[in-house]
Amino acid sequence: HTQFKQLLFKYILLNGEGFMLLDGRMKGKFGGAPTRLSPLMPAFVLEKLNQDYEIESYIYRAAGGQIELDPLDVVHFKDPDPKNWYRGHSPVQSARFALDSHKEADILNYSRFLNGGVPSVALMTEQKISPEEQKRLLEQWNQRYAGSRNAGKTAMLPQGLKADRLQDTNQEMQYAELKALSKDEILANYRIPIEMLGKTESQTRANAEASNYIFQRFTVLPLIESFVDTLTNDYLPAFPKTDDLFFAFDEF
């Protein structure tokens, strides 16, 4: 039960929508009440519209095939997309450039450790070195000094070679600042205060409590309200004698 809800909310937070299939309906006096609930992957769900632009059925493609589902058997949780009212709007979409920048900053940092974790110098010589000797020197250099574990070692150079220290450019040194800016944009897009990540070094208890209230009131509460509203309007009618019932929760 808990994992099922966690999966739905992960889909909602990543895809802007989540689907729940009502299956195993009972006939007769049970009024078609479902006995099984199954999650559907949003990426594999397509909507089929009739001539009145209403959803006629859902098409679910998986495992190399597809099945057609009755709209009454599908509970659709979503944050409506302004461009397509039938589907959800992913929060990731508006932060896609910040996410890509954050990823590229990680790749840049990781690649520098792999490829540039060596003494920050250039080897120079006025002597003529054959290609074979150059290859041997580079292989020897990489074996002794390449990689993050060898960074900072003292290098012993053959006669005639000089080591000139190199400095990183400002652009190369700003990956940390780039990650910080991207992180702030991503958190703002999800309306998550920085304190929710445990960053409380310079925060007072009053500020932490205020951030916790803001997170609950303006981030969690709207999400739960939308979830409960969908349960009341799309899930509850699947059960008989529920006309006067509704889902509710205690506000925090």
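Quick look at the values:
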{"quantity": "Crossing angle, helix 131-145 versus the chain [Cα axis fit, 0-90 degrees, rounded to tens]", "calculated": "60 degrees"}
{"quantity": "Charged-residue dipole, Cβ positions (Lys, Arg, Asp, Glu), region 1-95 about Cα centre, Debye nearest 20", "calculated": "400 debye"}
{"quantity": "Per residue, in Å², the accessible surface of the chain once ligands and nucleic acids are set aside, probe 1.4 Å", "calculated": "72 Å²"}
{"quantity": "Too-long pairs where the Cα-Cα distance tops 20 Å, listed order kept, from Lys5/Lys103; Lys48/Lys78; Lys103/Lys153", "calculated": "Lys5/Lys103; Lys103/Lys153"}
{"quantity": "On Cα atoms only, tilt of 2-15 relative to the major axis of the chain in degrees", "calculated": "70 degrees"}
{"quantity": "Per-residue [θ]222 nm for the chain (sum of -39500 (n - 2.57) over DSSP H runs n ≥ 4, rounded to 500)", "calculated": "-11500 deg cm²/dmol"}
{"quantity": "Loop trypsin sites (Lys or Arg not before Pro), region 202-252, which have at most 14 other Cβ atoms in a 10 Å radius of their Cβ (DSSP)", "calculated": "Lys241"}
{"quantity": "Percent accessible area from carbon and sulfur atoms, the chain, protein chains only, probe 1.4 Å", "calculated": "53 percent"}
{"quantity": "Lys, Arg +1 and Asp, Glu -1 on Cβ, resulting dipole of the chain about Cα centre, debye, nearest 20", "calculated": "1120 debye"}
{"quantity": "Extension gain from Met124 to Glu68, taking 0.36 nm per residue of separation minus the Cα-Cα distance", "calculated": "13.2 nm"}
{"quantity": "The chain: most fluctuating residue of Lys103, Lys27, Lys135 per GNM, C-alpha cutoff 10 Å", "calculated": "Lys135"}
{"quantity": "Convex hull volume of the chain per residue (C-alpha atoms, cubic angstrom)", "calculated": "244 Å³"}
{"quantity": "Probe 1.4 Å - accessible area at His89, Å² to nearest ten", "calculated": "50 Å²"}
{"quantity": "Principal-axis tilt of helix 175-189 within the chain, Cα atoms, nearest 10 degrees", "calculated": "10 degrees"}
{"quantity": "Compactness index (Cα Rg / 2.2 N^0.38 Å), region 1-124", "calculated": "1.62"}
{"quantity": "Net charge, Leu22 excluded, C-beta distance under 10 Å - Lys, Arg +1, Asp, Glu -1", "calculated": "-2"}
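The values are calculated or read from the model by the stated rules, or taken from the named source; none is laboratory data. Keep in mind it's a predicted model, so treat the numbers as computed, not measured. As a convention, Cβ positions derive from the backbone with ideal geometry for all residues, glycine included, and neighbour counts pool all protein chains shown. Heads up: the accessible areas ignore ligands, DNA and RNA and are worked out on the full protein's heavy atoms, side chains in. Shrake-Rupley method; radii C 1.70, N 1.55, O 1.52, S 1.80 Å.
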